[in-house]
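S.K.: I'd like to ask you about the structure that follows.
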Amino acid sequence: MLFLANCATKEPLPNFFLLTGFRSRTQSSGGTTVLVRRVEIPTYLARGNLVTIKGGMEVQYAPTNRWAEPLDQGLARAVAEDLSRNSRIRAYGFLPGASPVDHSYDVWIRLERFEGNDNGEVVLSARWSISRGNSSEPIKSRKVDLRQSGWKPGDYTGLVRLLSEQVMKMSLQIAQAIP
């Protein structure tokens with residue numbers, strides 16, 4: 001019986017990841033107040049698993065590598081953290097059930113792609129816009145398509161690191177556009 005118990009296959013434990021890792025400065029205490037609204041994400045990214053694309057069209061979900069928080073919330077949080085690194089911006093990310101803070105500007109993000117592919121490329125494609133806090137009419141908007149080669153498929157820690165870098169680059173573009 002002991003022999004059979006030792007032969008039983010054991011399912012690997014899941015790994016959970018956050019979009020973070022490059023935050024070296026402390027959060028700003030003043031300046032323009034910004035609210036990063038709930039990020040719109042495509043349905044294929046809403047499962048919670050990290051995603052890779054095989055052959056340009058086959059979605060593959062990492063069996064044991066997952067986001068530690070819903071991607072729409074985690075991305076809003078990460079962008080708010082990145083924006084707050086700018087000394088003139090104090091940013092807050094969307095939190096479900098929480099009342100929005102008083103703010104001057106809203107940041108809206110619609111994610112289109114956020115994955116690695118079997119060619120070793122990591123992709124963040126999104127549309128973002130900024131509106132005044134009392135309006136949903138954009139005052140600035142942009143499409144961003146960030147791609148980075150050199151990722152080794154199957155290295156999910158590396159995938160999250162590169163995606164975090166791309167979020168930081170997108171956040172820098174947004175910060176530069178905030179009046």
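The values are calculated or read from the model by the stated rules, or taken from the named source; none is laboratory data. Everything numeric here is computed off the predicted structure, so don't read it as measured data. Here Cβ is always computed from backbone atoms with ideal geometry, including for glycine, and neighbour counts include all displayed protein chains. The area values use the complete protein model at the heavy-atom level, side chains included, leaving out ligands, DNA and RNA. Shrake-Rupley method; radii C 1.70, N 1.55, O 1.52, S 1.80 Å.
S.K.: Looking at the structure I just gave you, is Val36 modelled with pLDDT of 95 or more, touching a helix residue (DSSP H, G or I) at 6+ places or on another chain (Cβ under 7 Å), over 21 Å from Gly158 (Cβ atoms) and not small (Gly, Ala, Ser)? Steps first, please.
M.R.: Values: modelled with pLDDT of 95 or more: yes; touching a helix residue (DSSP H, G or I) at 6+ places or on another chain (Cβ under 7 Å): yes; over 21 Å from Gly158 (Cβ atoms): yes; not small (Gly, Ala, Ser): yes.
For Val36, the condition - modelled with pLDDT of 95 or more, touching a helix residue (DSSP H, G or I) at 6+ places or on another chain (Cβ under 7 Å), over 21 Å from Gly158 (Cβ atoms) and not small (Gly, Ala, Ser) - is met.
S.K.: Cβ contacts < 9 Å: first residue among the acidic types (Asp, Glu), restricted to the range 146-160; second residue in a strand (DSSP E or B), any location; separation 6+ or different chain. Result?
M.R.: Matching pairs, first to second residue: Asp155/Gly116.
S.K.: Say we look at the range 103-140 and pick out the residues that are modelled with pLDDT under 95 and small (Gly, Ala, Ser); which of these is nearest to Gln60 (Cα to Cα)?
M.R.: It comes out as Ser136.
S.K.: Still on this structure: Name the residue that is nearest to Arg38 (Cα to Cα), counting only residues in the range 54-103 that are assigned to a strand (DSSP E or B) and within 17 Å of the chain's Cα centre (by Cα).
M.R.: Gly93
S.K.: Quick one: Asp106 ticks every box in (1) among the charged types (D, E, K, R); (2) outside any strand (DSSP E or B); (3) open to solvent by less than 10 Å² (accessible area, probe 1.4 Å) bar one, so which box is it?
M.R.: (2)
S.K.: Can you tell me which residue is least open to solvent (accessible area, probe 1.4 Å) among those in the range 109-122 that are assigned to a strand (DSSP E or B) and either without any contact (Cβ under 8 Å) to a residue 40 or more places away in the chain or among the basic types (Lys, Arg) (or both)?
M.R.: Across the range 109-122, the extreme among qualifying residues is Arg113.
S.K.: What are the pairs with Cβ atoms under 6 angstrom where one residue, in the range 72-95, is farther than 12 Å from Ile178 by Cβ and the other, located anywhere, is among the charged types (D, E, K, R)? Sequence gap at least six, or different chains.
M.R.: That search, which allows pairs on different chains as well, returns Asp72/Arg38; Glu81/Arg23; Arg85/Arg25; Gly93/Arg77; Phe94/Arg37; Phe94/Arg38.
S.K.: Considering only residues of the range 123-150 that are among the charged types (D, E, K, R), over 24 Å from Leu162 (Cα atoms) and part of a strand (DSSP E or B), which is least open to solvent (accessible area, probe 1.4 Å)?
M.R.: Out of the qualifying residues, it is Lys140.
S.K.: In addition: Out of the residues in the range 153-179 that are over 30 Å from Ser99 (Cα atoms) and out of contact with any Gly (no Cβ under 6 Å at 6 or more places or on another chain), state the one that is least open to solvent (accessible area, probe 1.4 Å).
M.R.: Per the criteria, the residue is Gly158.
S.K.: Further question: Criterion first (touching a Pro at 6+ places or on another chain (Cβ under 7 Å) and under 21 Å from Thr33 (Cβ atoms)) does Ser136 satisfy it? Spell out how you get there, then give the answer.
M.R.: Details: touching a Pro at 6+ places or on another chain (Cβ under 7 Å): no; under 21 Å from Thr33 (Cβ atoms): yes.
Spelling it out, it is not the case that Ser136 is touching a Pro at 6+ places or on another chain (Cβ under 7 Å) and under 21 Å from Thr33 (Cβ atoms).
S.K.: Further, regarding this structure: (1) out of contact with any Asp or Glu (no Cβ under 7 Å at 6 or more places or on another chain); (2) open to solvent by less than 60 Å² (accessible area, probe 1.4 Å); (3) within 14 Å of Phe17 (Cβ to Cβ): which one isn't true of Val51, the others all being true?
M.R.: Single failed check for Val51: (1).
S.K.: Failed condition for Ile109, given (1) of a type outside the set (Asp, Glu); (2) under 11 Å from the mean Cα position of the chain (by Cα); (3) on the phi > 0 side of the Ramachandran plot, with all others met?
M.R.: (3) is the only condition that Ile109 fails.
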